[in-house]
Amino acid sequence: MSNPVFKSIYIYYFSGTGNAKAVAHWIADEIRDDIPNIYIYNIDKDRDIHLPHPGKKSMIGICYPTHGFNAPPIVLKFISALQKGHNQQAFLVNTRAGMKMWKFFTYGLSGIALWLPSFILLLKNYKRIRIRSIDLPSNWIAFHPGIKKSVVKSIVNNWEKVSRKFAKKLLSGEKSYRSLLDLPFDILISPIAVVYYLIGRFFLAKTYIAGNKCTQCDLCIKNCPVGAIRKINDRPFWTYKCESCMRCLNLCPQKAIEVPHLYIGLILLGTSLLSNYAFSEIILPNLDNIELLWQKIVSFLVWNMISLPIYFLVYKITHHLMAIKIISNIITWLSLTHLKFWRRYKFPIKNKD
Ligand SMILES: Cc1cc2nc3c(=O)[nH]c(=O)nc-3n(C[C@H](O)[C@H](O)[C@H](O)COP(=O)(O)O)c2cc1C
Ligand code: SF4
Ligand code: SF4
């Protein structure tokens, strides 16, 4: 029987490795019999994205991964560009880094990933914004090997049920205060979200390299949702536009995209020593009576002002040097991602687009 409150639901999603896309489809599947018109749009791929019908009988939903305790920039841009609402209801789902320890499912952390987009939607005249986090398998394989297949299956089964329940609640209007439980911790980690957004993501963008197994097939370049990979010297080169969604790392057929952890560690150590020297020997003696907190802030700024440009320069030089086979082999070898046990991650079930 069709739902008396809603005639159409517009679900928009962005997904690096398939988790948020799966949630968008689970929600749509669960309510398909009740709602005559359900539209699902992939915001990085679909050309003809329909915006919500300006009537109270439509609802919009946005599903996306959490990146650095925030929504990814592509999602924030999409929400900011969304037309003004007409008091329509809305829902937001962020997928987070779920894991499983023994028999227990562990949760990720949202920070401002739900609160900031909710705030933007409120300003745009959407109302009754329902929010939910879904803790699907962590895809951050730059930091940890992909989760084992059997564990992935178990996590997915668990959170599919939660997503479907959430979908039912959207229609019934049942209230849920689950996300308020996370609020104190979300507030506590929100400064990290800001630092990630302003600095961290640009640094991460420059941690990927095409290692010695790259066959120059260009698949990573063609599939990047934000067009962040360029071809320089016949090799993929990661630009600042990269949002670290992990799609390319997980899609490369040769598993050739690496994060040279040990190499990055060495460069950071070198630049840290340099910036510490600059701070303690040059800047601090000229800043009499400065408060401890300010010392820390100035030290942090100095660190970034010195370390990041050096790091970015070294990244560019490394890219050119990697045309030499032996150097390419050494840098690849300094990556933990090249180790056999360092699995890649992609959501296991294929969804219709
Ligand atoms: C760069 C990066 C940052 C991430 N930051 C967070 C985070 O702050 N909190 C969290 O719970 N998960 C975090 N994750 C994990 C992803 O949000 C999570 O695995 C998500 O389900 C992936 O969804 P997708 O497959 O739709 O891209 C991060 C992953 C990446 C790659
Ligand atoms: S997908 Fe892999 S093999 Fe193909 S160009 Fe990119 S890094 Fe190289
Ligand atoms: S370069 Fe790779 S990790 Fe970065 S946004 Fe594109 S697909 Fe995602």
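The values are calculated or read from the model by the stated rules, or taken from the named source; none is laboratory data. Every value quoted in this text rests on a predicted model; they were computed, and no experiment measured them. We place every Cβ from the backbone using ideal geometry, glycine too, and count neighbours over all the protein chains shown. All accessible areas refer to the heavy atoms of the entire protein, side chains included, with ligands and DNA or RNA removed. Shrake-Rupley method; radii C 1.70, N 1.55, O 1.52, S 1.80 Å.
If you rank Thr239, Thr106 by how much accessible surface each has, with a 1.4 Å probe, what is the order from largest down?
Result of the area sort, largest leading: Thr106, Thr239.
Round to the nearest 10 and report in Å² the accessible area of Asp234, as given by a 1.4 Å probe over the protein chains' heavy atoms.
Asp234 has an accessible surface of roughly 100 Å² with all protein chains in place.
Please report, in Å, the Rg and the Dmax of region 128-206, where both are computed over Cα atoms only.
Expressed in Å, the Cα Rg and Dmax of region 128-206 come to 16.3, 46.
If you take the charge dipole of the chain about its Cα centre, with +1 on Lys and Arg Cβ and -1 on Asp and Glu Cβ, which of Phe6, Trp140, Phe300 is farthest toward its positive end?
Phe6
Any idea what the relative contact order of the chain is, in percent, if you count C-alpha pairs under 8 Å spaced at least 6 apart?
This gives 17 percent for the chain.
Would you report the distance distribution of C-alpha pairs in region 203-338 as whole percents per 10 angstrom bin, up to the bin with the largest distance?
The percentages, shortest bin first, are 12, 37, 26, 15, 9, 1.
Of Asn233, Asn276, Thr318, which is farthest towards the positive pole of region 203-338's charge dipole, taken about the Cα centre with +1 and -1 on the beta-carbons of Lys, Arg and Asp, Glu respectively?
Asn233
Kindly provide the pair-distance distribution of region 76-231 built from C-alpha pairs, with 5 Å bins from 0 and whole-percent values in order of increasing distance.
Binned Cα distances yield the sequence 2, 7, 12, 15, 18, 17, 14, 9, 4, 2, 0.
Under a Cβ-Cβ limit of 4.7 Å, which cysteines in the chain have nobody to pair with?
Within the chain, the cysteines lacking a partner Cβ under 4.7 Å are Cys63, Cys214, Cys217, Cys224, Cys242, Cys245, Cys252.
Considering amide H positions built from the backbone, and no H for Pro or chain starts, which residues 5 or more places from Gln89, or on another chain, come under 5 Å of its amide H?
Ile60, Lys127
For region 79-91, just list the computed ³J(HN,Hα) in residue order, Karplus coefficients 6.51, -1.76 and 1.60, θ = phi - 60°, integers in Hz, with x standing in for Gly and Pro.
5, 5, 8, 5, 5, 4, x, 10, 6, 6, 7, 9, 9
Which three lengths, in whole Å and largest first, does region 39-125 cover when its Cα atoms are put on their principal axes?
48, 26, 24
Tyr41's amide H: which non-local residues (gap 5+, or another chain) put their own amide H closer than 5 Å, with H modeled 1.01 Å from N in plane and none for Pro or chain starts?
When sequence neighbours closer than 5 places are left aside, the close amide H contacts are Ile11, Tyr12, Tyr13.
Per residue, how big is the convex hull around the C-alpha atoms of the chain? Give it to me in cubic angstrom, could you?
157
Pairs to check: Lys100/Lys127; Lys84/Lys206; Lys100/Lys340; Lys77/Lys316; Lys168/Lys255. Give those whose C-alpha atoms are more than 30 Å from each other in this structure.
The pairs that break the limit, which is 30 Å between Cα atoms, are Lys100/Lys127; Lys84/Lys206; Lys168/Lys255.
Antiparallel versus total DSSP beta bridges in the chain: what percent is that, nearest 5?
25
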